[in-house]
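Written below as structure tokens is the structure these notes are about.
The values are calculated or read from the model by the stated rules, or taken from the named source; none is laboratory data. If you're wondering where the values come from, they're calculated on a predicted model, not measured in any experiment. So basically every Cβ, Gly included, is an ideal-geometry build from the backbone, and we count neighbours across all protein chains shown.
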Amino acid sequence: MKKYCFGIDVGGTTIKCGLFSTDGNLLDKWEITTRTEENGVHILPDIAAAINQKIEDRGLTKNEIEGIGLDIPGPVNEKGVCMLAVNLHWGQVNIVREMEKMTGIRTKALNDANAAALGECWKGGGAGHKNLIMVTLGTGIGGGVVVEGKVIAGAHGSGGEIGHVHVTEELNEPCNCGNVGCLEQVASATGIVRLAKMQLDQNPDQPSVLRGKAFTAKDVWDAVKAGDEAADAIAEKFGLYLGRALAAFACVTDPEIYVIGGGVSKAGNVILDYVQKYYRQYAFPGCKDAAFALATLGNDAGIYGAAKVVL
């Protein structure tokens, strides 16, 4: 009998849903609205209804469904319990118990960044590898660690919170997590803008196309590609922080490959050049040869990873 599974990626605005065959082929993909009103009480019932409807529409039986994988923007422990998901207006929610009760289908749950890492390891930029670290560079920094094909979530579901390793004493303002000097503050999209403003302020005589206007992380990388001296210095600082942080992680998990995703990664391979240089400088000798690649699944990484976790 052919088997299927669902991968569900829950975001603060939309819920991405995928129906997969168990060999990893995405057969159907759709979205529903994330209804966060009333403390998000409608979210899981809406997902269950969407899954049940898709099974009916496809003429499947629940015996043909291997399971449901579901990721959320928040920590999830090994029992499938979310302790807090601010964007969903959730406090403690037992995702696995509730979904299994509403669908009658075996369910697994995990953090969204961990799901993206697992998805990229399975069918994306890290395909063919069992040991991977993924870094998602967006407004913040997400991450996921895969060891021997399994996501490392940790005791509290916070494994892979790469963005909150301490990397600098140069900052005074706190990170969103409450600490000061996190990687997220200097290597995310907002962090790159912060580095750029610091570079321009500290070097007032250095010419740059970035001066005298509002700019984004994309503008910084465009300037790097155009040979802007100040932008190059910004990219060097970014590469130092991220490369050195990844070198520290290597001593713990010894990955075969690092996959870089998120909006910032759209700048392309130029990002990898700066990060790899400092990674190889600081990494333990046995880890220096780890590969680097850009993520390839884009917004589908979460549904792929959520599906994989049930397989």
Selection from segment 16-53 of residues surrounded by 13 or more Cβ atoms within 10 Å (Cβ to Cβ), out of contact with any His (no Cβ under 8 Å at 6 or more places or on another chain) and over 20 Å from residue 65 (Cα atoms) yields 32, 34, 41, 42, 43
Determine whether residue 105 is of a type in the set (A, V, I, L, M, F, W, C) and assigned by TED's automatic domain parsing to the domain that holds residue 11. yes
Residue list for segment 3-44, filter: without any contact (Cβ under 8 Å) to a residue 24 or more places away in the chain, among the aliphatic types (A, V, I, L, M) and over 22 Å from residue 63 (Cβ atoms): 32, 41
Has segment 223-231 got at least one residue that is out of contact with any helix residue (DSSP H, G or I) (no Cβ under 7 Å at 6 or more places or on another chain), in a loop (DSSP other than H, G, I, E, B), without any contact (Cβ under 8 Å) to a residue 40 or more places away in the chain and of a type outside the set (Gly, Ala, Ser)? yes
Could you tell me whether residue 178 is outside any helix (DSSP H, G or I), closer than 18 Å to residue 72 by Cα and not assigned by TED's automatic domain parsing to the domain that holds residue 82? no
Go through segment 132-149 residue by residue and tally those that are assigned to a loop (DSSP other than H, G, I, E, B) and out of contact with any Gly (no Cβ under 9 Å at 6 or more places or on another chain). 2
Residues (over 20 Å from residue 262 (Cα atoms), touching a Ser or Thr at 6+ places or on another chain (Cβ under 9 Å) and touching a residue at least 24 places away in the same chain (Cβ under 8 Å)) located in segment 161-216: 199, 200
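Going by what's in this entry, would residue 305 be described as modelled with pLDDT under 95, of a type in the set (Gly, Ala, Ser) and within 22 Å of residue 118 (Cβ to Cβ)?
no
Rundown of residues vs (1) buried (at least 16 other Cβ atoms within 10 Å of the Cβ); (2) among the aliphatic types (A, V, I, L, M), yes/no style:
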| residue | (1), (2) |
| --- | --- |
| 108 | yes, no |
| 116 | yes, yes |
| 139 | no, no |
| 145 | yes, yes |
| 200 | yes, yes |
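Checking the condition under 22 Å from residue 171 (Cβ atoms), under 15 Å from the mean Cα position of the chain (by Cα), crowded, with 22+ Cβ neighbours inside 10 Å and among the aliphatic types (A, V, I, L, M), which residue from 264, 220, 259 passes?
Unique residue meeting the criteria: 264.
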